[in-house]
Amino acid sequence: MAEGSGGASGCRVDLAGRVALVTGASRGIGRAIAVRLAACGASVAGVARTKEGLEGTLSAIREAGGTAEGFAADVASPADVQRVVEEIEARFQRIDILVNNAGVTRDGLFLRMEDKAWDEVIDTNLKGTFLFCRAIGALMMRARFGRIVNISSVSGLMGNPGQANYSASKAGVIGFSKTIARELASRGITVNVVAPGFITTDMTDVLPEKVKTEVKERIPVRRLGTPEDIADLVCYLSGPAASYLTGQVIAVDGGMTA
Ligand code: NAP
């Protein structure tokens, strides 16, 4: 790996020799995380629902001299998660870093919310995180080392009208992560949560300009976040300097929840 600790990427976190699994790596925040971890020296296993969707991420990493492989799975499916973890282990022999980033929204006012919209969001965002943590936590326990970073949202901290399902899933990720951080700490495994504010990706591109302008006015830093803003922190939490940092929720939101 050309850029283990500094270099063109500007990355100062040394992840050489580490293997990182990133869910939702096909675009947006997940892609930026995958690219950043690879730039710091990790071999990356990217997961999304289709392998085709992952091609852009894989080529970006490989063109920069990194190592990456794509794996197709629905994170809400226990069978898919089990299969894909076995495939990744067979390919890379270990998984040191797990980033649960895959997520969806199905917004609507809760009084009119259909069961399907509730279930899809809880199953992908919360159950998916549980399934990967359970499968990989066991491997990390045996290795007596691991870094888990779960992606929540400021909606899980503050609530957000129209996002009862999403907020519940993201608040669930926080409670779940704090608990497993306590269960895994003595084995050299850290578990932390990153709660992004408003980040420019496909997920937020669909919002009307008027809403984006209103949101920007509520952000003290006066700009929307970028996927790289999130990737930087995930990279730090995955690295050697963060070994005493566990069970924490860090909002990367331009001061929105300050
Ligand atoms: P995005 O651009 O919509 O990307 C979502 C990613 O999740 C894609 O890679 C998608 O892959 C994957 N995914 C969705 N459902 C999946 C499933 N069932 N199985 C496997 N992969 C699945 O979203 P984003 O904005 O980058 O968000 C990434 C994470 O940050 C999410 O957890 C989101 O809730 C959180 N977040 C985002 C913001 C924001 O402002 N953007 C704010 C707070 C939190 P495929 O479609 O290719 O399968």
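The values are calculated or read from the model by the stated rules, or taken from the named source; none is laboratory data. Please read all numbers here as calculations on a predicted model, not as lab measurements. Methodologically, a virtual Cβ is constructed for each residue, glycine included, from the backbone with ideal geometry; neighbour enumeration extends over all protein chains shown. Only protein heavy atoms, including side chains, enter the accessible area calculation; ligands, DNA and RNA are left aside. Shrake-Rupley method; radii C 1.70, N 1.55, O 1.52, S 1.80 Å.
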>> 7 Å from Cα along Cα→Cβ at both Arg134 and Leu111: what's the point-to-point distance in nm?
In response: 3.7
> Rounded to whole Å and sorted largest first, what semi-axes of the equivalent ellipsoid does the C-alpha gyration tensor of the stretch 19-252 yield via the square root of 5 times each eigenvalue?
Replying inline: 27, 19, 18
> Based on the Cβ-Cβ distance of Glu209 and Glu52, what FRET efficiency does E = 1/(1 + (r/R0)^6) give at R0 = 30 Å, to the nearest 0.05?
Replying inline: 0.45
> Between Asp119 and Gln82, what FRET efficiency comes out of the Förster formula 1/(1 + (r/R0)^6) with R0 = 22 Å and r the beta carbon distance, rounded to 0.05?
Replying inline: 0.60
>> Would you work out the Kirkwood radius for the stretch 35-171? I mean one over the mean of 1/r across all pairs of different Cα atoms, in Å.
In response: 16.0
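Give, in nm to one decimal, the length gained when the segment between Glu183 and Asp202 is fully stretched (0.36 nm per residue of separation minus the Cα-Cα distance).
3.3 nm
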> Excluding Val215 itself, what net charge comes from residues whose Cβ is under 12 Å from its Cβ, given Lys and Arg +1 and Asp and Glu -1?
Replying inline: +2
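For an R0 of 30 angstrom, estimate the FRET efficiency from the Cβ-Cβ distance between Arg222 and Gln93 and round to the nearest 0.05.
0.05
What does the charge count around Ile250 come to, taking other residues whose C-beta lies under 12 Å from its C-beta (Lys +1, Arg +1, Asp -1, Glu -1)?
Details: positive: none; negative: Asp229, Asp232, Asp253.
Net of charged neighbours comes to -3.
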> So what are the ³J(HN,Hα) numbers for the stretch 184-193, from phi and the Karplus equation (6.51, -1.76, 1.60; θ = phi - 60°), rounded to whole Hz, Gly and Pro as x?
Replying inline: 9, 4, 6, 9, x, 10, 9, 9, 10, 10
> Got a number for the accessible area of Glu55? Probe 1.4 Å, square angstrom, nearest 10.
Replying inline: 100
> Relative to the first principal axis of the alpha-carbon coordinates of the chain, what is the inclination of helix 51-63, with its axis defined by its Cα atoms, in degrees from 0 to 90 and to the nearest 10?
Replying inline: 60
> Quick one: how many lysine pairs in the stretch 19-252 have C-alpha atoms under 18 angstrom apart, if they're 8 or more apart or on different chains?
Replying inline: 5
>> If I take every Cα pair under 8 Å that is 6 or more residues apart in the stretch 79-157, average their sequence separation and divide by the length, what percent do I get for the relative contact order?
In response: 45
>> Taking the 0 to 90 degree range and rounding to the nearest ten, how far is the long axis of helix 28-39 tilted relative to the main principal axis of the chain, both from C-alpha atoms?
In response: 20
>> At a 10 angstrom cut-off on C-beta neighbours, averaged per residue, how do the peptides 96-107, 127-138 rank from highest to lowest?
In response: 96-107, 127-138
>> Net charge within 13 Å of Ile33 by Cβ-Cβ distance, Lys/Arg positive one each and Asp/Glu negative one each, not counting Ile33 itself?
In response: +1
> Which of the peptides 57-68, 206-217 is most tightly packed, and how do the rest follow, judged by the mean count of other Cβ atoms within 10 Å per residue?
Replying inline: 57-68, 206-217
> Using modelled amide H (1.01 Å from N, peptide plane; none on Pro or chain starts), what sits under 5 Å from the amide H of Ile148, excluding residues fewer than 5 places away?
Replying inline: Leu98, Thr190, Val191, Asn192
> Which of the cysteines found in the chain have nothing to pair with, since no other Cys Cβ lies under 4.7 Å from theirs?
Replying inline: Cys133, Cys235
>> Counting only helical runs of four or more DSSP H residues, what would the 222 nm mean residue ellipticity of the chain come to if each run contributes -39,500 (n - 2.57) and the total is spread over all its residues?
In response: -13500 deg cm²/dmol
>> Compute for the stretch 159-258: radius of gyration divided by Kirkwood radius, i.e. Rg/Rh, restricted to C-alpha atoms, rounded to two decimals.
In response: 1.02
